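Data block below; observations after.
The values are calculated or read from the model by the stated rules, or taken from the named source; none is laboratory data. Since the structure is predicted, the reported quantities are computational estimates derived from the model, not experimental observations. FYI the Cβ positions are ideal-geometry reconstructions off the backbone, even for glycines, and counts take in every protein chain you see. When the accessible area is computed, the model is the full protein with side chains, heavy atoms only, and any ligands, DNA or RNA have been set aside. Shrake-Rupley method; radii C 1.70, N 1.55, O 1.52, S 1.80 Å.
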Amino acid sequence: MKDTPEFRTEVQEVTHQDRLRDPERLQALERTGLMDSPAPGAHQRAARIAARLMDVPVSLVSFVDDERQFFSAQTGITGEAAEQRGTPLSHSFCQYVVSSEEPLVVPDAEADSLVCDNSAVQDLNVRAYLGVPIRSPDGHVLGSFCVIDDKPRDWTSDDIAKMRDIADMIESDLRLRETLEERDIVMQEMTHRVKNLFTVINSILRMERNAHETADELAESVGARLKALSDAHEMIVPVVNVRRSEGATTTLEALTHKLLAPHGSEHETRITIQGEHVPVGPKAAVYLTLALHELATNAAKYGGLSTDGGQLAVKWNRTDSDDVVISWEETGLSWDTEARPRSGFGSRLLSIAVEGQLAGEMATQIEAGMFRRRLQIPLTSLQS
């Protein structure tokens, strides 16, 4: 195939559009919650500092999706772009910082083949532009931190270094926001667990009350179950550090056994655990723990583990499309209106863990005497 200028342009355009539309990048951008949000103080300070330091009329903290750029902070922009706090991509130089994942240096926009036809040149009086990438905590380029001059200008390597240093401050703010958000999820989860704690303990005592002849035997057995419950809760805590974990941590079988240990063993015939070997990485271990522990708590409160005749079967298999399908099936009781699981924080937690963090899908089936959850999660997500 000939490497003609027309062919190179077409390839560059495909690469440009693909990077703007990359689902993982867009998800990382959505997780920041910055699009259409009030201007963060740290971002606004960065824009003001850059404008003064670089002696330019305009500075932007611009986040770019696949249709527009949004200014989380800006100085010097007026008119409709200022009112809308952004522009369509037809008026964006920042999109090229995102697609190239490198600084964009434009001494004179009218003489630059990449941007000379961009509407920002005429409509926003953009002549000289210097932008550096803003990266998410997991490395995706979300936008550009840039300065703009209304006259041609020869940017220096020192100018680029200064902009990178200030962009690092913006990225630190993004990391802090993510950490605080994950901590908030953990705190809500812990509050939720504390509220359920006495219910779970009562369920354990109810299961044990007729199984032992002496108080010592009862105390020993209950103590072992509570220890297993404590171990399961410890697996929830590292969620705030999940992005810094490295290496495989467990398997789906080991994780399931540990989480269900407080509620009975397979030898008691009420719990069945079965499935092939599936490694579970550090991030997935945390969010899968949240999901399975929620299901186990619900089963102990009003499901298959809440009565002597109830049973639980947890089985999983890998599909041809490299997904893992987990079947959680409770049997042995009659569901009524009061007993059916209700929506609330627990349902939100399941959605966050399975659908949000593990990119999976959930389905629920309730019939007389049977409750089933089906979780389908990509193998790549479980190994993350």
Positive-end residue, the range 65-139 charge dipole about Cα centroid, Cβ charges, pick of Gly139, Ser72, Leu89: Ser72
Accessible area per residue in Å² at 1.4 Å probe, computed on the range 42-95: 42
Nonlocal amide H pairs with Asp66, under 5 Å, H built at 1.01 Å: none
Shape call, the range 35-153: gyration tensor on alpha carbons, a/c limit 1.5: rounded
The range 149-189 residues near the modelled Ala111 label - backbone nitrogen below 17 Å, point 7 Å along Cα→Cβ: 149-156
Calculated from backbone phi, Karplus (6.51, -1.76, 1.60) coupling profile of the range 64-73 in Hz, x at Gly/Pro: 10, 9, 8, 10, 7, 10, 10, 8, 6, 7
Full-extension gain in nm, Arg374 to Ser100, via 0.36 nm per residue minus C-alpha separation: 94.6 nm
Sequence ranges 28-39, 252-263, ranked by mean other-Cβ count within 10 angstrom, highest first: 252-263, 28-39
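With the Cα gyration tensor of the range 43-104 giving a ≥ b ≥ c as the square roots of its eigenvalues, does the rule (a/c under 1.5 for rounded; else a/b larger than b/c for prolate; else oblate) give rounded, prolate or oblate?
Taking the square roots of the gyration eigenvalues as a ≥ b ≥ c, the range 43-104 is oblate.
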Sorted peptide list for 324-333, 75-84, 54-63, criterion being average Cβ within 10 angstrom, highest first: 54-63, 324-333, 75-84
